[in-house]
There are 2 protein chains.
Amino acid sequence: MIRIGIAGYGNLGKGVECAISQNPDMELFGIFTRRNPESVKTVFESSKVYSMDDITDFKDDIDVLIICGGSATDLPVQTPALSKHFNVVDSFDTHAKIPEHFENVDKASAQSGKVAVISAGWDPGMFSLNRIYAEAILPKGETYTFWGKGVSQGHSDAIRRIDGVLDARQYTIPVEDALEKVRSGENPNLSTRDKHIRECFVVAEDGADKNRIEKEIKTMPNYFADYNTIVHFISMEELQKNHSGIPHGGFVIHSGKTGKDMENTHVIEYSLKLDSNPEFTSSVLVCCARAAYKLNQEGQKGCKTVFDIPPAYFSSKSREELIKNNL
Amino acid sequence: MIRIGIAGYGNLGKGVECAISQNPDMELFGIFTRRNPESVKTVFESSKVYSMDDITDFKDDIDVLIICGGSATDLPVQTPALSKHFNVVDSFDTHAKIPEHFENVDKASAQSGKVAVISAGWDPGMFSLNRIYAEAILPKGETYTFWGKGVSQGHSDAIRRIDGVLDARQYTIPVEDALEKVRSGENPNLSTRDKHIRECFVVAEDGADKNRIEKEIKTMPNYFADYNTIVHFISMEELQKNHSGIPHGGFVIHSGKTGKDMENTHVIEYSLKLDSNPEFTSSVLVCCARAAYKLNQEGQKGCKTVFDIPPAYFSSKSREELIKNNL
């Protein structure tokens, strides 16, 4: 049994707790929190909760620690620090800062002799994998990534900060026409506006100026100004009833040409349709934890990404079984 | 530059010759054939052709040999024999015999210190990879593979063997309704007949009994009896005009559940739409050749499958570039 620790207990940590229970070769050692452990209500009653302050006391009891903090401030500190004592997995997803995070984590984990898998999840993660496989197979081609339909937490938060807004939910939606153009293999040039629509469900305070709120949303730089944005004002009841889920998903589509005169077109498409973004991400983290464990058992150390891991390492099945039944 | 040899020069070998020209880190050393080399017309005039009998004379000139023979009789002999002298890649696709082929190739290549990548292509190959990634992420789920729309060479050949048939083309077509059921996440039980239709375009001899031919096709065991089969009789001109391509493709769809009470459903879908089945397979073989080269440069040896190869090894880009631009 691979003994897993969970560091940080929000939606992602809860998803990891659930995912471990689906994997027969794994068990949860415990959950580590910065809150008072006694105040934490776990998904399963049997799950143990400890204080993050004591985590290094358990370094011999945990095979892999899955770090479930946020990318903005938690992971840049936690992953290098914890990889001094544990094999770790994180979901660091600030794309522009991945090389720097990689460097920091690699230094710490190479020194401690542990394996650290960073930026696991679906993007970065499974989408990244599909981008590099497709580009390696068909180098004369273009790769397109579309996100959605799904809830963007960052964009929902940005709307909530507007004066007069009580709550909000923002969906990122791929433009069907753009998807079809890409699938046809014509390798179109697509602007930001061409690829995604942003649809917002907003609960306004009584008496708030809805025209002003709508204008503030639609003109907000970086978040909305470059998109076609649709704003709906709804009641709090409706928001809670119809928009409480955290679905997401998306598409990686690569089309490329082969043949003497590039006469043949091929389209590779990978897509995800997820009821729960954090639970799916957690499921990826858990199978990356298995890979981290196997790599470290072989004597490997240092920072890894999904690009470095042989696919068989993610599976609970033996290599022989995989060759016989899945190849 | 990685120097590639091509052993066997049918559709697959020609596809490899084209694919090498798209990859800036590779060059074609030469093509090896069992025919008279002077009788072979290559895609590019500059490509050199040698006799297969002399192939071991060039073992120091070739980094990786891509073996482009058939799975029925060529590869079971050629891959073990040639892996005694070369790093090799093949597309062995007789699923039931892969474990035996693996054993034979592993013995030869482990002894010679070479790397052999077997069963590369799209199924086995990219479809296999997607099956194991999806199952590792969502172990509580089901995986479905659909093939087509595309030409099945084996089924076309089976029709051609019927008395009174001059030529034929058989398309395997996934049943749209079955695809939709799988995509909905309901994990249906699907029989062979539920999943695929077989559509046949047949050119009959003048005066042949078309009713008898149609009946022979539809009742042919293993090939057609278990399917809904549609038979069209067409002229030789129409066959040549509208059915001369070798398109193929298909879908790997996995749907699985997460959450405390399995309340959330996720659907992972990978699909291929290929204008030319052999040219796409060749493109996979060529990036596997790059992986074989890199693995052998590191000192690895023995038989490998796509399950064993870190994804970054397929790419011509450096690990740093991939982390920066593709993760």
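The values are calculated or read from the model by the stated rules, or taken from the named source; none is laboratory data. Just so we're clear, the structure is a prediction, and the values are computed from it rather than from any experiment. With ideal geometry, Cβ positions are generated from the backbone for all residues, glycine too; neighbour counts draw on all protein chains shown. Protein only, heavy atoms only, side chains kept; ligands, DNA and RNA dropped before computing areas. Shrake-Rupley method; radii C 1.70, N 1.55, O 1.52, S 1.80 Å.
Residues of region B:176-231 that are free of Cβ contacts under 8 Å to residues at least 24 places away in the same chain and under 17 Å from B:His155 (Cβ atoms): B:Glu214, B:Lys215, B:Lys218, B:Thr219, B:Pro221, B:Asn222, B:Ala225.
Among the conditions (1) at the interface with chain A (Cβ under 9 Å from one of its Cβ atoms); (2) touching a strand residue (DSSP E or B) at 6+ places or on another chain (Cβ under 6 Å); (3) of a type in the set (Phe, Trp, Tyr), B:Phe307 misses just one, which is (2). Within this structure, B:Arg198 passes the test of being of a type in the set (D, E, K, R) and under 30 Å from B:Gly10 (Cβ atoms).
Return the residue satisfying two criteria in turn: it lies in region A:310-319 and is polar (S, T, N, Q) and in contact with a helix residue (DSSP H, G or I) (Cβ under 8 Å, 6 or more places away or on another chain), and of such residues it is nearest to the other protein chains (Cβ to nearest Cβ). Result: A:Ser315. Picking from residues in region A:174-210 that are closer than 16 Å to A:Ile234 by Cβ and open to solvent by 50 Å² or more (accessible area, probe 1.4 Å), the one that is farthest from the chain's Cα centre (by Cα) is A:Asp206.
A residue that is in contact with a helix residue (DSSP H, G or I) (Cβ under 8 Å, 6 or more places away or on another chain), of a type in the set (A, V, I, L, M) and within 13 Å of chain B (Cβ to nearest Cβ) occurs nowhere in region A:142-165. Out of the residues in region B:152-173 that are open to solvent by 40 Å² or more (accessible area, probe 1.4 Å) and either outside any loop (DSSP other than H, G, I, E, B) or among the β-branched types (Val, Ile, Thr) (or both), state the one that is farthest from B:Leu274 (Cα to Cα). Looking at residues that are open to solvent by 40 Å² or more (accessible area, probe 1.4 Å) and either outside any loop (DSSP other than H, G, I, E, B) or among the β-branched types (Val, Ile, Thr) (or both), I get B:Leu166.
Quick one: how many residues across region A:295-304 are assigned to a helix (DSSP H, G or I), touching a residue at least 12 places away in the same chain (Cβ under 8 Å) and either away from chain B (no Cβ under 11 Å) or under 15 Å from A:Gly125 (Cα atoms) (or both)? Show your work before the answer.
As a first pass, look at region A:295-304 and keep what is assigned to a helix (DSSP H, G or I): A:295-297.
Among the residues that remain, those that are also touching a residue at least 12 places away in the same chain (Cβ under 8 Å) are: A:295-296.
Still in the list and also either away from chain B (no Cβ under 11 Å) or under 15 Å from A:Gly125 (Cα atoms) (or both): A:296.
Residues in region A:295-304 being assigned to a helix (DSSP H, G or I), touching a residue at least 12 places away in the same chain (Cβ under 8 Å) and either away from chain B (no Cβ under 11 Å) or under 15 Å from A:Gly125 (Cα atoms) (or both): 1 in total.
Which fully enclosed strands (runs of 3 or more DSSP E) of region A:225-294 have 1 or more residues being open to solvent by 60 Å² or more (accessible area, probe 1.4 Å) and facing another protein chain (nearest Cβ under 9 Å)? So that I can check it myself, show each step before the final result.
On the way: elements: A:228-233, A:248-258, A:264-274.
Ranges flagged: A:248-258, A:264-274.
Do the conditions hold for B:Ser128, that is, is it in contact with a Leu (Cβ under 8 Å, 6 or more places away or on another chain), crowded, with 18+ Cβ neighbours inside 10 Å and part of a loop (DSSP other than H, G, I, E, B)? Here the answer is no, as B:Ser128 does not meet what is asked. Condition check: at the interface with another protein chain (Cβ under 9 Å from one of its Cβ atoms), aliphatic (A, V, I, L, M) and free of Cβ contacts under 8 Å to residues at least 12 places away in the same chain. Does B:Leu327 satisfy that? Spelling it out, B:Leu327 is indeed at the interface with another protein chain (Cβ under 9 Å from one of its Cβ atoms), aliphatic (A, V, I, L, M) and free of Cβ contacts under 8 Å to residues at least 12 places away in the same chain.
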